[in-house]
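To start, the structure itself, in structure tokens.
The numbers here are math on the coordinates, done by the rules we state, and not lab data. A quick note: this is a predicted structure, and the numbers were derived from the prediction, not measured. Quick reminder, even Gly has a Cβ in these numbers, built from the backbone with ideal geometry, and neighbours come from all protein chains shown.
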Amino acid sequence: MAADLLSQRITGIQPFNELPIDADVWREAHGQHHAHRALHAAWVHRPGIVYGLEAVRSVGNDREIVIAPGVAIDAQGRTIVLSEPARFTPEEKGQAYIILTYEDTLDARSEIVVGAGKKHYRLVEGRRVTLTKELPKTPYLELARIDRSGKASAIRDARVAFDPAEDELNLLYRQLAFPHCFADGGVGELAFLPVVDPGAWKPNRAGLYNLIRESNGLGFHLNFEGTFNLRTAGTDADPLMLYVACGGEFQPPSGEQLDGLRRYLDGGGTLFAEAAGGDAGFAKSFAAVAEAVGAVMEDVASEPRILQSHALFPRAPGGAASGELEADLGRGVFLSGRDYGGAWQGRVPNPDAEDARERVRRAVEFGLNVVAFAARRRREAQLARI
């Protein structure tokens, strides 16, 4: 239906002092702006989900589906905002759809007396989220569908996302707008001070900044937040990911800092730690930190949750080094001996090799995978609280 916008004739008003203003003139003047806004939204960004609006199983009720707040654009270029969660309990056997539609209403508080009747002068842009057995003919966005076996059955996440079974959430028909927001938040640094040279605690800051800069042209809305104070951790303002890198062993964090790191991870944060140059001393020191925050590290170089979180990889690529890649994904803690942060600033083992630029590109793409994982982890923690 976005094509219908192209057939509309757009007119505006050329103002002058003696121009009489009535409702038609006012409507035409503002209608020009509305038409251009709709054209831009529908044809530049395309109809679909801009951010949020996830469909998830309710934490406290396994027969309930929760739709998270978010923003979308419909086929007529209208922006639809859902500011509060919506909840549904599909009970009827068979296929059901959860859809989002645009709906404007008259504001009852804008009622005035006109002649012998009453009129409203304020229009409120709104939305409807509905559970339906039939898809409408008018513009809508599908948020989820589910094939119910009956009201007594528990709703589950799809075991195979691309082939949902009965009573499993089917998210295959969710349409994304362009550019879709894959992540929205801050990335901060931790200062782990090297034993040998405490001043050399940020060898990969340039690489981290380059990753953030690159991400912002690819649907990741990230900002660099600088050094994060763990003593303040545990709020909604926490960065979605913390990055730390240094070469060699480092001075142990204080008990207060470790408490803050635990709070940060408990809230859905992700820690990505790297040994600059692949130095084994860093891994030795970090083992104590991982243990202190309850992380059990294991090899994740072939883990689909990282390899498929954004770009697709058959296996985790190398960075400026070729060490191990370990993590506790449930706890949100990574330990990389591959020095991706070095590659993010163009530092690779053999810069004259024919694949040197390709190695940098793969490292950047994998960095975005880690950010996408971190964003999803933070979002899941937020969704669990609604």
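The table for this structure:
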| read-out | value |
| --- | --- |
| Pair Q95, L39: separation of 7 Å Cα→Cβ label points (nm) | 3.7 nm |
| Low-density loop positions, chymotrypsin sites (Phe, Trp or Tyr not before Pro), the range 1-109 - DSSP coil, at most 10 other Cβ in 10 Å | F16 |
| Share antiparallel - DSSP beta bridges, the chain, percent rounded to 5 | 65 percent |
| Gain on full stretching of the segment that runs from E28 to K284 - 0.36 nm per residue minus C-alpha separation | 85.2 nm |
| Within the range 143-159, backbone nitrogen closer than 14 Å to the virtual label 7 Å beyond the Cα of H180 toward Cβ | 143-144 |
| Whole-number D in µm² s⁻¹ for the range 54-177, Kirkwood Cα-pair radius fed into Stokes-Einstein, 20 °C, 1.002 mPa s | 133 µm²/s |
| FRET efficiency for L193 and V296, using Cβ-Cβ distance with R0 set to 22 Å, rounded to 0.05 | 0.30 |
| Cα-centre dipole for the chain with unit charges at Cβ (Lys and Arg positive, Asp and Glu negative), debye to 20 | 740 debye |
| Low-density loop positions, trypsin sites (Lys or Arg not before Pro), the range 70-153 - DSSP coil, at most 13 other Cβ in 10 Å | K93, R122, K133, K137, K151 |
| Rounded tilt (10° steps) of 205-215 against the dominant C-alpha axis of the chain | 30 degrees |
| Paramagnetic reach from I13 (point 7 Å along Cα→Cβ, amide N under 18 Å) across the range 96-132 | 121-123 |
| Residues V56, V333, sorted so that the one with the fewest Cβ neighbours within 10 Å comes first | V56, V333 |
| Proximal aspartates and glutamates relative to K151, as straight alpha-carbon distance under 20 Å, when same-chain residues fewer than 8 apart are discounted | D62, E64, E91, E92, E134, E166, D167, E168 |
| Per-bin percent of Cα-Cα distances, the range 149-307 [10 Å] | 9, 29, 32, 18, 10, 2, 0 |
| Ellipsoid equivalent to the chain - semi-axes via the Cα gyration tensor, in Å | 47, 27, 21 |
| Per residue, the convex hull volume that the Cα atoms of the range 249-357 enclose (Å³) | 108 Å³ |
| Label-point separation in nm, H221 to R109, each point 7 Å along Cα→Cβ | 2.6 nm |
| Where only C-alpha atoms are counted, convex hull volume of the range 119-212 per residue in Å³ | 294 Å³ |
| Computed over the chain: relative contact order in percent, which uses C-alpha pairs under 8 Å that are six or more apart | 12 percent |
| Computed [θ] at 222 nm, deg cm²/dmol, the chain (DSSP H ≥ 4; -39,500 (n - 2.57); rounded to nearest 500) | -7500 deg cm²/dmol |
| F250 long-range amide H proximity, modeled H, under 5 Å | V195, S285 |
| Net +/- balance of residues flanking I155 in space, Cβ distance below 9 Å, scoring K and R +1, D and E -1 | -1 |
| Residue-span extension gain [A165 to N61] - 0.36 nm each, minus C-alpha spacing | 35.5 nm |
